[in-house]
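Below you'll find the structure, written out as C-alpha coordinates, and then a few comments.
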Amino acid sequence: MKKKLLIILLSILMLLPLAAKNDYFDFAFMIGQGNYNWPVDGIGVSYGFDMGLTDKIEFGVWGVSELIPQPFASNIIGAEISFALLGQRNTGSKVSGVNMNTLLSLGGFWKTDNNGLGVMVGVTPLAVGSPALSRRERCLRTNIGWDFVNKKLLVVFSPMDVDIYVKGTYRDWI
(Lines give C-alpha, C1' and ligand atoms only; values in the text may rest on other atoms or scores of the structure.)
Protein backbone atom coordinates (compact mmCIF):
# COMPACT_ATOMS: atom_id res chain seq x y z
CA MET A 1 0.00 0.00 0.00
CA LYS A 2 2.81 2.41 0.90
CA LYS A 3 4.56 1.74 -2.40
CA LYS A 4 1.42 2.46 -4.43
CA LEU A 5 0.79 5.69 -2.51
CA LEU A 6 4.36 6.84 -3.01
CA ILE A 7 4.23 6.04 -6.73
CA ILE A 8 1.01 8.05 -7.07
CA LEU A 9 2.49 10.99 -5.15
CA LEU A 10 5.69 10.97 -7.21
CA SER A 11 3.65 10.81 -10.42
CA ILE A 12 1.63 13.85 -9.38
CA LEU A 13 4.81 15.70 -8.42
CA MET A 14 6.35 14.86 -11.79
CA LEU A 15 3.31 16.10 -13.70
CA LEU A 16 2.77 19.39 -11.79
CA PRO A 17 5.70 21.25 -13.42
CA LEU A 18 4.35 20.33 -16.86
CA ALA A 19 1.44 22.69 -16.17
CA ALA A 20 3.79 25.60 -15.42
CA LYS A 21 3.70 28.01 -18.36
CA ASN A 22 6.56 30.49 -18.05
CA ASP A 23 9.53 31.71 -20.06
CA TYR A 24 12.02 29.74 -17.97
CA PHE A 25 10.71 26.24 -18.52
CA ASP A 26 13.33 23.71 -19.53
CA PHE A 27 13.54 19.94 -19.28
CA ALA A 28 16.58 17.67 -18.97
CA PHE A 29 17.37 14.01 -18.52
CA MET A 30 20.18 13.16 -16.09
CA ILE A 31 22.58 10.20 -16.00
CA GLY A 32 25.68 9.63 -13.90
CA GLN A 33 27.42 7.49 -11.33
CA GLY A 34 26.13 7.43 -7.76
CA ASN A 35 26.20 5.50 -4.49
CA TYR A 36 24.46 5.58 -1.13
CA ASN A 37 25.66 2.36 0.51
CA TRP A 38 28.77 2.94 2.61
CA PRO A 39 31.32 1.46 2.48
CA VAL A 40 30.90 1.22 -1.27
CA ASP A 41 30.78 -2.43 -2.26
CA GLY A 42 29.84 -2.06 -5.91
CA ILE A 43 28.96 0.34 -8.70
CA GLY A 44 25.80 2.39 -8.82
CA VAL A 45 24.05 4.55 -11.39
CA SER A 46 22.17 7.81 -10.88
CA TYR A 47 19.39 8.85 -13.23
CA GLY A 48 16.46 11.23 -13.36
CA PHE A 49 15.15 14.45 -14.84
CA ASP A 50 15.06 18.15 -14.01
CA MET A 51 12.52 20.83 -14.87
CA GLY A 52 13.20 24.53 -14.65
CA LEU A 53 10.47 26.33 -12.73
CA THR A 54 12.00 29.83 -12.63
CA ASP A 55 15.30 31.42 -13.58
CA LYS A 56 16.90 30.21 -10.29
CA ILE A 57 14.74 27.26 -9.19
CA GLU A 58 14.40 23.76 -10.63
CA PHE A 59 12.50 20.64 -9.66
CA GLY A 60 14.17 17.25 -10.00
CA VAL A 61 13.19 13.62 -9.61
CA TRP A 62 16.11 11.21 -9.41
CA GLY A 63 17.09 7.70 -8.49
CA VAL A 64 20.26 5.88 -7.53
CA SER A 65 20.43 2.12 -8.09
CA GLU A 66 23.00 -0.55 -7.48
CA LEU A 67 24.35 -2.10 -10.71
CA ILE A 68 27.13 -4.33 -9.43
CA PRO A 69 27.06 -6.91 -7.78
CA GLN A 70 23.22 -7.26 -7.98
CA PRO A 71 21.51 -4.99 -10.54
CA PHE A 72 18.67 -2.92 -9.05
CA ALA A 73 18.59 -4.93 -5.80
CA SER A 74 18.93 -1.70 -3.84
CA ASN A 75 17.40 1.61 -4.98
CA ILE A 76 16.66 5.06 -3.67
CA ILE A 77 14.21 7.48 -5.30
CA GLY A 78 14.08 11.16 -4.49
CA ALA A 79 12.42 14.43 -5.41
CA GLU A 80 13.91 17.83 -4.70
CA ILE A 81 13.75 21.55 -5.32
CA SER A 82 17.14 23.09 -6.19
CA PHE A 83 18.15 26.74 -5.89
CA ALA A 84 20.96 28.25 -8.01
CA LEU A 85 23.15 30.26 -5.63
CA LEU A 86 25.47 32.09 -8.05
CA GLY A 87 22.94 33.51 -10.49
CA GLN A 88 20.35 32.70 -13.12
CA ARG A 89 20.46 29.16 -14.45
CA ASN A 90 18.28 30.15 -17.42
CA THR A 91 17.26 33.58 -18.72
CA GLY A 92 14.26 32.41 -20.76
CA SER A 93 15.85 33.71 -23.94
CA LYS A 94 18.68 32.86 -26.33
CA VAL A 95 21.09 34.47 -23.82
CA SER A 96 22.63 31.83 -21.59
CA GLY A 97 22.36 32.01 -17.81
CA VAL A 98 25.35 31.63 -15.47
CA ASN A 99 27.45 28.80 -16.88
CA MET A 100 29.17 27.94 -13.58
CA ASN A 101 26.85 27.61 -10.63
CA THR A 102 26.32 26.04 -7.20
CA LEU A 103 23.03 24.33 -6.35
CA LEU A 104 21.42 23.93 -2.94
CA SER A 105 18.64 21.31 -2.74
CA LEU A 106 15.87 20.33 -0.36
CA GLY A 107 13.67 17.28 -0.82
CA GLY A 108 12.72 13.79 0.23
CA PHE A 109 13.58 10.17 -0.55
CA TRP A 110 12.29 6.61 -0.43
CA LYS A 111 14.44 3.46 -0.32
CA THR A 112 12.95 0.40 -1.99
CA ASP A 113 14.94 -2.28 -0.16
CA ASN A 114 13.91 -1.43 3.42
CA ASN A 115 11.06 1.08 2.93
CA GLY A 116 13.20 3.93 4.24
CA LEU A 117 11.56 7.34 3.98
CA GLY A 118 12.91 10.74 4.93
CA VAL A 119 14.02 14.27 4.15
CA MET A 120 17.23 15.30 2.47
CA VAL A 121 19.34 18.40 1.96
CA GLY A 122 21.99 18.54 -0.74
CA VAL A 123 24.65 20.63 -2.35
CA THR A 124 26.22 20.52 -5.79
CA PRO A 125 29.37 22.65 -5.44
CA LEU A 126 30.03 22.88 -9.17
CA ALA A 127 27.53 22.82 -12.04
CA VAL A 128 29.08 23.70 -15.41
CA GLY A 129 26.80 24.48 -18.35
CA SER A 130 23.25 25.73 -18.67
CA PRO A 131 19.94 24.84 -20.32
CA ALA A 132 20.66 27.25 -23.19
CA LEU A 133 23.84 25.30 -24.00
CA SER A 134 21.79 22.04 -23.97
CA ARG A 135 24.14 20.34 -21.49
CA ARG A 136 25.26 20.68 -17.87
CA GLU A 137 27.70 18.65 -15.79
CA ARG A 138 27.15 18.48 -12.05
CA CYS A 139 30.25 17.60 -10.05
CA LEU A 140 30.46 16.17 -6.52
CA ARG A 141 26.72 16.19 -5.85
CA THR A 142 26.17 15.25 -2.20
CA ASN A 143 22.84 14.78 -0.40
CA ILE A 144 22.50 14.07 3.31
CA GLY A 145 19.21 12.83 4.72
CA TRP A 146 17.59 11.25 7.73
CA ASP A 147 15.66 8.01 7.30
CA PHE A 148 12.72 8.28 9.72
CA VAL A 149 11.67 4.65 9.32
CA ASN A 150 15.06 3.02 9.96
CA LYS A 151 16.46 5.87 12.10
CA LYS A 152 19.67 6.17 10.07
CA LEU A 153 21.68 8.92 8.45
CA LEU A 154 21.89 8.55 4.67
CA VAL A 155 24.54 10.04 2.36
CA VAL A 156 24.01 9.98 -1.41
CA PHE A 157 27.10 10.90 -3.42
CA SER A 158 27.55 11.30 -7.15
CA PRO A 159 30.95 12.34 -8.47
CA MET A 160 29.56 13.33 -11.89
CA ASP A 161 26.08 13.72 -13.37
CA VAL A 162 25.34 14.92 -16.88
CA ASP A 163 22.12 16.78 -17.70
CA ILE A 164 21.05 16.63 -21.34
CA TYR A 165 18.41 19.27 -22.07
CA VAL A 166 15.68 18.54 -24.58
CA LYS A 167 13.65 21.75 -24.05
CA GLY A 168 14.78 25.29 -23.28
CA THR A 169 18.01 25.05 -25.30
CA TYR A 170 19.50 27.31 -27.96
CA ARG A 171 17.57 25.29 -30.56
CA ASP A 172 14.30 26.72 -29.20
CA TRP A 173 15.46 30.28 -29.97
CA ILE A 174 16.68 29.81 -33.53
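For the stretch 123-173, how many residues are closer than 20 Å to N90 by Cα and either free of Cβ contacts under 8 Å to residues at least 12 places away in the same chain or among the hydroxyl-bearing types (S, T, Y) (or both)? Qualifying residue count for the region: 7. Only residues that are assigned to a strand (DSSP E or B) and among the aliphatic types (A, V, I, L, M) were counted across the stretch 127-150, and they come to 4. Of the residues examined, N115 is one that is out of contact with any Phe, Trp or Tyr (no Cβ under 8 Å at 6 or more places or on another chain) and open to solvent by 40 Å² or more (accessible area, probe 1.4 Å). All of N75, N115, N90 fail the test of being free of Cβ contacts under 8 Å to residues at least 60 places away in the same chain and more than 12 Å from the chain's Cα centre (by Cα), apart from N75.
In the stretch 100-112, of all residues being part of a strand (DSSP E or B), under 25 Å from S65 (Cβ atoms) and in contact (Cβ under 8 Å) with a residue 24 or more places away in the chain, the one that is most open to solvent (accessible area, probe 1.4 Å) corresponds to L106. When G97, G168, G92 are checked against the criterion of being surrounded by 14 or more Cβ atoms within 10 Å (Cβ to Cβ) and out of contact with any Pro (no Cβ under 8 Å at 6 or more places or on another chain), G92 stands alone in meeting it.
The values are calculated or read from the model by the stated rules, or taken from the named source; none is laboratory data. Remember, predicted model here, so these are calculated numbers, not experimental data. As a convention, Cβ positions derive from the backbone with ideal geometry for all residues, glycine included, and neighbour counts pool all protein chains shown. Only protein heavy atoms, including side chains, enter the accessible area calculation; ligands, DNA and RNA are left aside. Shrake-Rupley method; radii C 1.70, N 1.55, O 1.52, S 1.80 Å.
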